[in-house]
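The values are calculated or read from the model by the stated rules, or taken from the named source; none is laboratory data. As the structure is a prediction and not an experimental result, all values here were calculated from the model. Please note: Cβ atoms are built from the backbone with ideal geometry, for glycine as well, and neighbour counts cover all protein chains shown. SASA here: full protein model, heavy atoms, side chains in, ligands and nucleic acids out. Shrake-Rupley method; radii C 1.70, N 1.55, O 1.52, S 1.80 Å.
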Amino acid sequence: QVLLVESGGRVVQAGDSLRLSCAASGRTLSSYSVGWFRQAPGRERTLVAALSWGDRTIQYADSVKGRFTISRDNDENMLHLQMNDLKPEDTAEYFCAADTYLSEFPERWHYWGQGTQVTVSS
């Protein structure tokens, strides 16, 4: 069992940077593939970035490549998402997730945080 709690979401201006964090408890995140998803109102939840178990594979949505960076801190048992050059279309609820295998499909991830809201104003 892994408990995930996100933090860091807030209202920012277009072009700003923001760092989201996901604190894990119960088990160590290093044992899992981890990811960040986002969901805007009326839209499906989609993969933003993911890091496989052992960090062998890193995957980003095309819309965030070059702007977002996913990383994990095994010492602190945390997952981060550094978001630079934010755009209004990045506005969404952001969720961290963990599971054995990396997948672009949210239904295949077992553990989820409660979400943190990111709003980017133009």
| task | Pairs only if they're at least six apart or on different chains, beta carbon under 9 angstrom, first in the range 5-21 and farther than 23 Å from Gly35 by Cβ and exposed (fewer than 13 other Cβ atoms within 10 Å of the Cβ), second small (Gly, Ala, Ser) and modelled with pLDDT under 95; list them, first residue then second. | result | Gln13/Ser122
| query | Applying the selection to the range 59-77, what residues are open to solvent by 50 Å² or more (accessible area, probe 1.4 Å) and under 14 Å from Val5 (Cα atoms)? | reply | Glu76
| said: Filter the range 99-122 down to the residues that are among the charged types (D, E, K, R) and either on the phi > 0 side of the Ramachandran plot or crowded, with 17+ Cβ neighbours inside 10 Å (or both) and list them by number. | reply: Asp99
| query | Would you call Ser21 at pLDDT 95 or above and assigned to a strand (DSSP E or B)? | reply | yes
| query | Mind checking which residues of the range 78-98 are open to solvent by less than 50 Å² (accessible area, probe 1.4 Å), touching a Ser or Thr at 6+ places or on another chain (Cβ under 6 Å) and assigned to a loop (DSSP other than H, G, I, E, B)? | reply | Thr91
| note | Going through the range 61-100 in order, the residues found to be in contact (Cβ under 8 Å) with a residue 24 or more places away in the chain, in contact with a Leu (Cβ under 9 Å, 6 or more places away or on another chain) and within 16 Å of Ser33 (Cβ to Cβ) are Ile70, Arg72, Asn74, Asn77, Met78, Leu79, His80, Leu81, Phe95, Cys96, Ala97, Ala98
